[in-house]
Amino acid sequence: MKIDIKQLNKFLNNDPARVQRFLASYWQEVDTQFPVMIQQLQSKDWASLSITAHTLKSQSAYLGIRPLHELLYQIEKTADRKKGLDKLPALFGKLQQMWGQIRAAN
């Protein structure tokens with residue numbers, strides 16, 4: 001999966017330095033928040049998990065990768081509604097795989 005650089009450039013006013021800072025900040029946030037999300041899942045802290053997923057979803061939208069945005073939305077809403085919680089571990093597996101694919105492709 002490739003980041004939609006055109007969309008990211010548009011969002012960041014075609015400033016290559018800002019694009020690089022955004023990407024570096026995004027990956028740092030992912031590296032920090034993914035373990036937090038796993039802890040939230042394990043401790044069944046659904047409210048915090050929903051908030052963390054929402055934050056990453058919003059940041060991920062700027063990358064222009066719709067499947068990533070949709071997956072984070074699913075995690076956010078599942079945790080928020082507390083319905084289908086048994087699906088969360090599989091969604092986390094998909095999320096980790098997707099982030100790996102995005103990193104490898106970019």
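Residues in the stretch 3-42 that are in contact with a Leu (Cβ under 9 Å, 6 or more places away or on another chain) and not in a helix (DSSP H, G or I): 3, 4. Of the residues screened, residue 47 is not one that is part of a helix (DSSP H, G or I), in contact with a Phe, Trp or Tyr (Cβ under 6 Å, 6 or more places away or on another chain) and more than 17 Å from residue 96 (Cα to Cα). For the stretch 60-73, a residue qualifies if it is under 18 Å from residue 48 (Cβ atoms) and surrounded by fewer than 18 Cβ atoms within 10 Å (Cβ to Cβ), and exactly one does: 73.
Within the stretch 59-106, count every residue that is part of a helix (DSSP H, G or I) and either under 21 Å from residue 22 (Cβ atoms) or charged (D, E, K, R) (or both). Can you show your working first?
Here is the first cut: in the stretch 59-106, the residues part of a helix (DSSP H, G or I) are 59-61, 66-81, 85-105.
Filter once more, so that each one left must be either under 21 Å from residue 22 (Cβ atoms) or charged (D, E, K, R) (or both): 59-61, 66-73, 76-77, 80-81, 86-87, 94-95, 98-105.
Of the residues in that region, 27 qualify.
Before we move on, is residue 6 of a type in the set (Lys, Arg) and within 16 Å of residue 91 (Cα to Cα)?
On the way: of a type in the set (Lys, Arg): yes; within 16 Å of residue 91 (Cα to Cα): no.
So residue 6 fails the test.
Scanning the stretch 8-21 for residues that are out of contact with any helix residue (DSSP H, G or I) (no Cβ under 9 Å at 6 or more places or on another chain) and among the polar types (S, T, N, Q), we see that the one that is farthest from residue 106 (Cα to Cα) is 13. Does any residue of the stretch 58-67 turn out to be of a type in the set (A, V, I, L, M, F, W, C) and in contact with a Phe, Trp or Tyr (Cβ under 6 Å, 6 or more places away or on another chain)? Checked the stretch 58-67: no residue is of a type in the set (A, V, I, L, M, F, W, C) and in contact with a Phe, Trp or Tyr (Cβ under 6 Å, 6 or more places away or on another chain). Tell me whether the stretch 50-58 contains one or more residues that are hydrophobic (A, V, I, L, M, F, W, C), under 22 Å from residue 9 (Cβ atoms) and part of a helix (DSSP H, G or I). Checking the stretch 50-58: at least one residue is hydrophobic (A, V, I, L, M, F, W, C), under 22 Å from residue 9 (Cβ atoms) and part of a helix (DSSP H, G or I). Flag not set for residue 32, criterion: polar (S, T, N, Q), under 10 Å from the mean Cα position of the chain (by Cα) and farther than 19 Å from residue 9 by Cα. Restricting the first member to the stretch 62-86 and to residues that are hydroxyl-bearing (Ser, Thr, Tyr), and the second to residues that are not in a helix (DSSP H, G or I), the beta-carbon pairs closer than 7 Å and six or more apart or on different chains are 78/84.
None of the figures in this text is laboratory data; all of them are computed from the coordinates on show. Not measured: the values here are computed from a predicted model. Here Cβ is always computed from backbone atoms with ideal geometry, including for glycine, and neighbour counts include all displayed protein chains.
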